[in-house]
Amino acid sequence: QVQLVESGGGLVQAGGSLRLSCAASGSIFSILDMNWYRQAPGKQRELVAAITRGGTTNYADAVKGRFTISRDNVKTTLYLQMNSLKPEDTAVYYCNGNFRGVGYWGQGTQVTVST
């Protein structure tokens, strides 16, 4: 089993920054493809950013240029640096990991961007 625990969410004003962290079990973290998803009220869960176990990254158009996904395999932690935050970024952000069709999810952390 893999345990994923998000942290770093909170309330921030538009234009501000937050750094989300996802602490993962160390045994298999390095072989997981990792993702950040988010779900806003009334909307479907959407993929925000992804990073493969090899370090290749991809971003949703809505966050491209503002968010940066990274991973530290020594600390077995996934990060999402969020800059220039907008009210439409408000959502619960979820850490996700996958390996060979098996998925793991964190509990989510709330990000609220005020005007």
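The values are calculated or read from the model by the stated rules, or taken from the named source; none is laboratory data. What you are looking at is a predicted structure, and each value in this text was computed from that prediction instead of being measured. Counting neighbours? That spans all protein chains shown, and the Cβs are built from the backbone with ideal geometry, glycine included. The accessibility values were calculated without ligands, DNA or RNA, using every heavy atom of the protein model including side chains. Shrake-Rupley method; radii C 1.70, N 1.55, O 1.52, S 1.80 Å.
Here are the numbers:
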{"quantity": "Mean Cβ neighbour count within 10 Å, used as a protection proxy, ranking 12-25, 69-82, 39-52 highest first", "calculated": "69-82, 12-25, 39-52"}
{"quantity": "Unit charges on C-beta of K, R, D, E only; dipole of the chain, Debye", "calculated": "100 debye"}
{"quantity": "Per residue accessible area of the chain, 1.4 Å probe, in Å²", "calculated": "52 Å²"}
{"quantity": "Candidates 29, 67, 99, ranked by Gaussian network fluctuation over the chain, Cα under 10 Å, top entry", "calculated": "99"}
{"quantity": "Positive-end extreme of charge dipole, the chain - chosen from 35, 93, 57 (charges on Cβ)", "calculated": "57"}
{"quantity": "Accessible carbon and sulfur surface of segment 72-115 relative to its total accessible area, %, 1.4 Å", "calculated": "49 percent"}
